[in-house]
Amino acid sequence: MTRSIPAKARVVIIGGGVSGCSVAYHLAKLGWSDVVLLERKQLTSGTTWHAAGLIGQLRASQNMTRLAKYSADLYVKLESETGIATGMRQNGSITVALTDERRQEIYRQASLARAFNVDVREISPGEVKELYPHLNVADVKAAVHLPLDGQCDPANIAMALAKGARQNGATIIEGVKVTSVLEKNGRVTAVVCEQKGERFTIETENVVNCAGMWGRELARQSGVTLPLHACEHFYVVTEAIAGLSRLPVLRVPDECTYYKEDAGKMLIGAFELEAKPWGMEGIREDFCFDQLPEDFDHFAPILEMAVNRMPMLETAGIHTFFNGPESFTPDDRYYLGEAPELKGYWIAAGYNSIGIVSSGGAGMALAQWMNDGEPPFDLWEVDIRRAQPFQKNRAYLKERVSETLGLLYADHFPYRQMATARGVRRSPLHEHLKARGAVFGEVAGWERANWFAREGQEREYRYSWKRQNWFENQREEHLAVRNGVGLFDMTSFGKIRVEGRDALAFLERLCANQIDVEPGRIVYTQMLNARGGIESDLTVTRLSKTAFLLVVPGATLQRDLAWLRKHLRGEFVVITDMTAAESVLCLMGPRSRELMQKVSPNDFSNDAHPFGTAREIEIGMGLARAHRVTYVGELGWELYVSTDQAAHVFEVLEGAGQDVGLKLCGLHTLDSCRIEKAFRHFGHDITDEDHVLEAGLGFAVRPEKGDFIGREAVLSKREKGLTRRLVQFRLADAEPLLFHNEAIVRDGEIVGTITSGNYGHHLGAAIGLGYVPCQGESEAEVLASTYEIEIAGTRVKAEASLKPMYDPRAARVRV
Ligand SMILES: NCCCC(=O)O
């Protein structure tokens, strides 16, 4: 039946898979009227219909766990709410480890899940056998059991969400293809669509791209970056196996497989290490409930392992060999939020084969985000603003997703780097660093030296949940920064120039610190949201009366640009991304002044170049702007050098550095030094849900300067008092690896998680940061408790401090 297409809507959701249905359901539940969902063919006909439907709550981070738990809880009640049988059953799940490393990973995830009240138990191989009698457990080292995990019928979950949405007033129309999204002045104005060859326009200010594997090209038409690409995903379903009882979902990540028993048949799916990207030439117009040709050779090694793991499969007949396309992203995380390029263009897509368990929570979070204008909690890890414009390149995507499908079940080691699609963004110093032993990691496409190998040392990571093979390299680099001088290439910093008649007023409105300082001064500040949460962590350097340079982490550049542009209110301001124009060389350590003085005729004394100032200097035969700031807690200068002169400046520093023991240092050392000094890192220790005062950054907030975004929230928090505080921890046992997400235990009770951790080579211990609730408690009371950190199920004593354990009075920085 053809349904009439409305002329207007408050929102048009594009795509009738589980993602679109969930967004429609949650918006309608929030009371949004005129919610319209358009599906090009039939609901679920893209990817949802062939999903395996596993509902697993064990996720890599706290908020992903929170969202997965939300989905599980929602799906349990959906059937009674809508009358549609969802097939949801909480038969539990088991994940087994076949290696010691995997045991560490699943035990760490279990600790994290417990911090969020997810019911999870570590179980022995014997207990696995009791729960799963068909399993060969001879080489099983460990396992975790989540009794409230389960499985569902994915298509019916989507149908139930659609029905729930309709019950709350949403309009869902099938057989309508969206052909374009119209915009005016940078804001969505309408959606153009086709139904049976006829063209319609729906006026709207909001669209949600839930178009799955069609999403990238649809977004591209509107200038929106949505980097995802389809890959073939394989599973087999056996014939009914006699005597098969109800079984929990089983995951054997070390063999890339998952197992789902349904109606006496067994479904065996795989995330093989090298995937097959699909749809490079586009997707056929009539694609609907389609599948791809089987590829038995590709699946055979998986099946062989499965038969060894579950010997009864040897005699089971194969009922279905299934191959269907699913969307994968460059970092295996999905996308939510408003596209930075276009106001009113929202995204919920790229689910990396975990769309069913993700969509319930993601739909809720996106609906609240659209409703309130801000996400309900920190969603940075799935925020669309992390996508880099270059990532829509199809050659890049094709290469990268061939890896990310398999990474779903690979060991998620700390510091693990992608092996594919590397080298897209490089500093002008890349070859210099490579020739000197740099081992690179990647952030936002940038290649960055993470550590420097010694001559003759293997230039590869050896990953582990313990100290990794670069630990000693990091120690030497770290101690050089603390006792001598180290040089970091930080060209990946995002650099944003804000200039114009109203630049000062604009930045004063957005930043919590005072920006009206003398030209040449550098201000450390945050941009806050109305709740006092931290949207951006940056330095602002006043270059002249009307020009400012904002320096932000490389990973947050797109987010920060979007935040600035979103808050323009007609001011005369030009915002320019200058990242590629300047390299940054950071010279840090007590001997940095001595070295600067060797390579430059300028005066680097405290009087001539005090902390927190920027000066143009001569260096070698070139020029630089020397910023006296530090992220490692030492005397030092960040040298901003035009990219054409970067190699020259590097060579000059390196040559003169021989006499003072200059050491090249990598990002791992930057991190270990800043953690000793308790300097916060955006995305880990500080996010948009962390109040600036609770993050301990009150020293950079000036409510007395006048109005700025978040001021009310700062004043209110000052009056009402803090409810949590960011605390620094030092482990009593020097051995365990502190990374992030380990549970914080206060007086025997889990109260939070470590937000970032590393080894403090000066302090001689693993150091971490994390929030502790403190309603009405004084600092002394917070510190009077006993603390432990739970690492892979083992609790380790920890010392707590509210002041940096390294150089608490910042004497070294201003020396
Ligand atoms: N689509 C398969 C889901 C795999 C998992 O939940 O582990």
Could you tell me whether W451 is assigned to a loop (DSSP other than H, G, I, E, B), crowded, with 20+ Cβ neighbours inside 10 Å and not assigned by TED's automatic domain parsing to the domain that holds Y631? no
Give G484, G520 a once-over and let me know the one that is of a type outside the set (D, E), surrounded by fewer than 24 Cβ atoms within 10 Å (Cβ to Cβ) and on the phi > 0 side of the Ramachandran plot. G520
Of the residues in region 355-375, those that are in a loop (DSSP other than H, G, I, E, B) and within 16 Å of the chain's Cα centre (by Cα) come to P375
Please work out if G344 is within 16 Å of the ligand (Cβ to nearest atom) and touching a residue at least 60 places away in the same chain (Cβ under 8 Å). no
Under the condition of being crowded, with 24+ Cβ neighbours inside 10 Å and of a type in the set (A, V, I, L, M), which residue from region 307-364 is nearest to E403 (Cα to Cα)? A349
Scan region 509-568 residue by residue and report those that are within 25 Å of N185 (Cβ to Cβ), part of a strand (DSSP E or B) and out of contact with any Gly (no Cβ under 9 Å at 6 or more places or on another chain). S536
Flagged pairs (Cβ under 6 angstrom, 6 or more apart or on separate chains; first in region 32-55, of a type in the set (S, T, Y); second open to solvent by 10 Å² or more (accessible area, probe 1.4 Å) and away from the ligand (no atom under 16 Å from the Cβ)) are S33/G169; S45/C288; S45/F289
Return yes when I106 is over 30 Å from the mean Cα position of the chain (by Cα) and touching a residue at least 12 places away in the same chain (Cβ under 8 Å) and no when it is not. no
Determine whether A115 is in the same structural domain as A60 (by TED's automatic domain parsing), within 33 Å of the chain's Cα centre (by Cα), at negative phi and open to solvent by less than 10 Å² (accessible area, probe 1.4 Å). no
Being on the phi > 0 side of the Ramachandran plot and modelled with pLDDT of 95 or more narrows G324, G361, G279, G355 down to just G279
Does R220 satisfy being of a type outside the set (S, T, N, Q), free of Cβ contacts under 8 Å to residues at least 40 places away in the same chain and either more than 13 Å from the ligand (Cβ to nearest atom) or not in a helix (DSSP H, G or I) (or both)? no
Filtering region 268-285 down to residues that are open to solvent by less than 50 Å² (accessible area, probe 1.4 Å) and more than 16 Å from the ligand (Cβ to nearest atom) yields P277, G279, G282, I283
Only one of T225, T171 is touching a Pro at 6+ places or on another chain (Cβ under 8 Å), open to solvent by 30 Å² or more (accessible area, probe 1.4 Å) and touching a residue at least 24 places away in the same chain (Cβ under 8 Å). Can you tell me which? T171
Would you check if E790 is within 29 Å of Q468 (Cα to Cα) and either in contact with a helix residue (DSSP H, G or I) (Cβ under 7 Å, 6 or more places away or on another chain) or crowded, with 22+ Cβ neighbours inside 10 Å (or both)? yes
Being of a type in the set (A, V, I, L, M, F, W, C), away from the ligand (no atom under 11 Å from the Cβ) and surrounded by 14 or more Cβ atoms within 10 Å (Cβ to Cβ) is the filter here; which residues of region 241-267 pass it? I241, L244, L247, M266
Across region 25-66, what is the total count of residues that are in a strand (DSSP E or B), within 16 Å of the ligand (Cβ to nearest atom) and open to solvent by less than 10 Å² (accessible area, probe 1.4 Å)? 1
Lone qualifier among L715, L769 - being on the phi < 0 side of the Ramachandran plot and either among the charged types (D, E, K, R) or touching a residue at least 40 places away in the same chain (Cβ under 8 Å) (or both): L769
Scan region 137-168 residue by residue and report those that are open to solvent by 30 Å² or more (accessible area, probe 1.4 Å) and in contact with a strand residue (DSSP E or B) (Cβ under 7 Å, 6 or more places away or on another chain). K141, R166
Which condition number does Y409 fail, the rest of (1) within 16 Å of the ligand (Cβ to nearest atom); (2) part of a helix (DSSP H, G or I); (3) of a type outside the set (D, E, K, R); (4) in contact with a Phe, Trp or Tyr (Cβ under 7 Å, 6 or more places away or on another chain) being met? (2)
Count of region 304-334 residues which are outside any strand (DSSP E or B) and either within 15 Å of the ligand (Cβ to nearest atom) or in contact with a strand residue (DSSP E or B) (Cβ under 9 Å, 6 or more places away or on another chain) (or both): 13
Tally the residues that are assigned to a loop (DSSP other than H, G, I, E, B) and farther than 20 Å from E194 by Cβ, restricting the search to region 4-24. 1
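The values are calculated or read from the model by the stated rules, or taken from the named source; none is laboratory data. Quantities reported herein were computed from a predicted structural model and do not represent experimental measurements. Please note: Cβ atoms are built from the backbone with ideal geometry, for glycine as well, and neighbour counts cover all protein chains shown. When the accessible area is computed, the model is the full protein with side chains, heavy atoms only, and any ligands, DNA or RNA have been set aside. Shrake-Rupley method; radii C 1.70, N 1.55, O 1.52, S 1.80 Å.
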